[in-house]
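Note sheet for the following structure.
The values are calculated or read from the model by the stated rules, or taken from the named source; none is laboratory data. Owing to the predicted nature of the structure, the values given are computational and were not obtained by experimental measurement. A quick note on method: Cβ atoms are made from the backbone with ideal geometry, for glycine too, and the neighbour counts reach across all protein chains shown.
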Amino acid sequence: MEVLYNSTRNNGIQVKASEAVLKGLSADGGLFVPDHIPALDKGLKELSGMTYQEVAYEVMKLYLTDFTEKELKDCIAKAYDGKFDTEVIAPLVSADGAYYLELFHGATIAFKDMALSILPHLMITSAKKNQVKNEIVILTATSGDTGKAALAGFAGVEGTKIIVFYPKNGVSPIQERQMVTQKGDNTYVVGIHGNFDDAQTGVKKLFADTELGERMNRQGFQFSSANSINIGRLVPQIVYYVYAYARLLAEGKIAEGDKVNVVVPTGNFGNILAAFYAKNMGLPIGKLICASNDNKVLYDFFRTGVYDRNREFVLTSSPSMDILISSNLERLIYRIAGNDAKKNEELMKALAGEGKYEITDEMKSRLEDFYGNYATEKEAAETIKELYEKTGYVIDTHTAVAASVYRKYEEETKDGAPAVIASTASPFKFTRSVMNAIDGKYDRMTDFELVDELSALANVPVPAAIEEIRTAPVLHDHVCPKEEMKKTVEAFLGIE
Ligand SMILES: *Cc1c(COP(=O)(O)O)cnc(C)c1O
């Protein structure tokens, strides 16, 4: 059955999957959502015998219904290949009573590779299907990981250009180095004076700028988004939850139909939304445990039904979760409003205006699949240290927020069901924070000394993504005020 995509702000807008992938965001500012969530059409037993790529096909074909089998299988084959340093793509590691789903074995050693390695191929295929002649300009705001993963995905892909904005002082030194050393003359990396929300707001404004859009179109360009609002990001993320369940079943860790809880360190709400979709497709997921850091807007939201971004923005050691507006939450709001675009639009207007909104009691009652909590900096650091000392397994700062929240959940509820914790970054990406958590003595060392130290301590080889940037030259050094993002884009594209 064909899946079409509606805007969360206008039910009258309905497009095919390939059009939704190309557009990224709906013209009315809404997000594209499937008009129904398809059910898995293969049994769990059958899925448990499949490779990652095969599971990817079984899941994605249900959403990208206007792609042919060959088109989709080609995209999957090009995405999940030797760029990943393990054949299983997303390994499950058992440590201290939980299963860590390692989503960081791709080109940039963070979970965004899972979707961004396939998105460029989905986009090029979508462009061909829709007779698009313009060059696709990817515009992205990043809190660190998306930027590099998108750059790595799109670099050198013919018919595309990519421009990435990041908060100049809001990403880790290794994240920044990864971005500014990016090769490929279709890539452009810019630091802005501002935080991630400023970058994201600026990018949204550019997308909504119809005057700029018309000028670009005249000169053979059109924008698209690689941000986590694109359904071409969301759909590939559903895959690894199905795959993780299938692996647990294959390894005899669970019986068919057993409920498994999922714990997700959350920022923009894309990763956990994918788990929610997986559950609604029939995957036996119990609770969706939403873990926040000190920017705990989502924890407050699940507790009170009030989403309120009016608060201090805290810089933490899990920067990819330092977010006060979780864009993908809009898709959940739309759904719990009973697919009511008017209601959703009203709430999103309140968010844009007053910076807050409150959902109705009825909507709140539809959130029972979710459990929200948060971990402080201290709690996350203690979790890294304790897990390492107990098991020898070293996790990154984002995953530590999830592991810490999972402990709180277990203490509160005594649930006892098996849990899959989404492990969203390699500890090598946040080496200083990780090593400092284990022992204060490491503070004196340089970043690259710490990398070698971590490798020895965790007994894990230094990932290729880190080796590469040790000596790579800086190719991007552009910095601009947040007010000048438009000028910067025009200059890069050479449009008048
Ligand atoms: C992006 C990111 C997150 C947050 O994921 P969302 O889908 O935005 O909720 C968590 N951890 C890491 C390492 C990330 O890069």
(request) Looking only at segment 308-316, decide whether some residue is part of a helix (DSSP H, G or I), more than 16 Å from I421 (Cα to Cα) and away from the ligand (no atom under 15 Å from the Cβ). (result) no
(request) Starting from residues that are under 11 Å from the mean Cα position of the chain (by Cα) and among the hydrophobic types (A, V, I, L, M, F, W, C), keep the ones in segment 213-234 and report whichever is farthest from Q200 (Cα to Cα). (result) L234
(request) Search segment 398-430 for residues being assigned to a helix (DSSP H, G or I) and among the polar types (S, T, N, Q), and hand back the single one that is farthest from the ligand (Cβ to nearest atom). (result) T413
(message) Among the residues of segment 408-432, what is the count of those that are crowded, with 22+ Cβ neighbours inside 10 Å and farther than 22 Å from Y299 by Cα?
(response) 6
(message) Take the conditions within 12 Å of the ligand (Cβ to nearest atom), under 23 Å from Y99 (Cβ atoms) and assigned to a strand (DSSP E or B) and apply them to A291. Does it pass?
(response) yes
(message) Checking the condition within 16 Å of the ligand (Cβ to nearest atom) and farther than 30 Å from A417 by Cβ, which residue from L103, L119 passes?
(response) L119
(message) Please pick out the residue among G305, G282 that is away from the ligand (no atom under 16 Å from the Cβ), farther than 18 Å from L351 by Cβ and not polar (S, T, N, Q).
(response) G282
(request) Return yes or no: is Y57 farther than 30 Å from K385 by Cβ, at pLDDT 95 or above, in contact with a Lys or Arg (Cβ under 7 Å, 6 or more places away or on another chain) and hydroxyl-bearing (S, T, Y)? (result) yes
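Considering only segment 43-61, how many residues are in a loop (DSSP other than H, G, I, E, B), surrounded by 17 or more Cβ atoms within 10 Å (Cβ to Cβ) and not hydroxyl-bearing (S, T, Y)?
Matching residues across segment 43-61 total 1.
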(request) Check N261 against each of (1) in a helix (DSSP H, G or I); (2) away from the ligand (no atom under 11 Å from the Cβ); (3) crowded, with 20+ Cβ neighbours inside 10 Å and name the one condition it does not meet. (result) (1)
(message) List the residue pairs whose Cβ atoms are under 9 Å apart, where the first residue sits in segment 265-285 and is polar (S, T, N, Q), the second is within 6 Å of the ligand (Cβ to nearest atom) and outside any helix (DSSP H, G or I), and the two are 6 or more positions apart or on different chains.
(response) N268/S228; N271/F111; N271/S228; N271/P265; N271/T424
(message) Taking the criterion of being in contact with a Pro (Cβ under 6 Å, 6 or more places away or on another chain), surrounded by fewer than 24 Cβ atoms within 10 Å (Cβ to Cβ) and of a type outside the set (F, W, Y), would at least one residue in segment 237-248 satisfy it?
(response) no
(message) On the basis of being of a type in the set (D, E, K, R) and within 16 Å of the ligand (Cβ to nearest atom), does E377 make the cut?
(response) yes
(message) Tell me yes or no: at least one residue of segment 215-233 is in a helix (DSSP H, G or I), closer than 30 Å to K161 by Cα, away from the ligand (no atom under 16 Å from the Cβ) and not basic (K, R).
(response) yes
(message) Condition first: modelled with pLDDT under 95 and farther than 11 Å from D396 by Cβ. Now tell me which residues in segment 422-440 satisfy that.
(response) R432, G440
(request) Mind counting the residues in segment 143-159 that are more than 9 Å from the ligand (Cβ to nearest atom) and either assigned to a helix (DSSP H, G or I) or within 12 Å of the chain's Cα centre (by Cα) (or both)? (result) 7
(message) List the residue pairs whose Cβ atoms are under 9 Å apart, where the first residue sits in segment 61-89 and is over 14 Å from E2 (Cα atoms), the second is exposed (fewer than 14 other Cβ atoms within 10 Å of the Cβ) and modelled with pLDDT under 95, and the two are 6 or more positions apart or on different chains.
(response) E71/K128; D85/A464
(request) Run down Y357, Y388, Y374 and say which single residue is within 30 Å of V451 (Cα to Cα) and either more than 23 Å from the chain's Cα centre (by Cα) or modelled with pLDDT under 95 (or both). (result) Y388
(request) Within segment 29-52, count every residue that is in contact with a helix residue (DSSP H, G or I) (Cβ under 8 Å, 6 or more places away or on another chain) and either closer than 14 Å to G232 by Cα or free of Cβ contacts under 8 Å to residues at least 24 places away in the same chain (or both). (result) 6
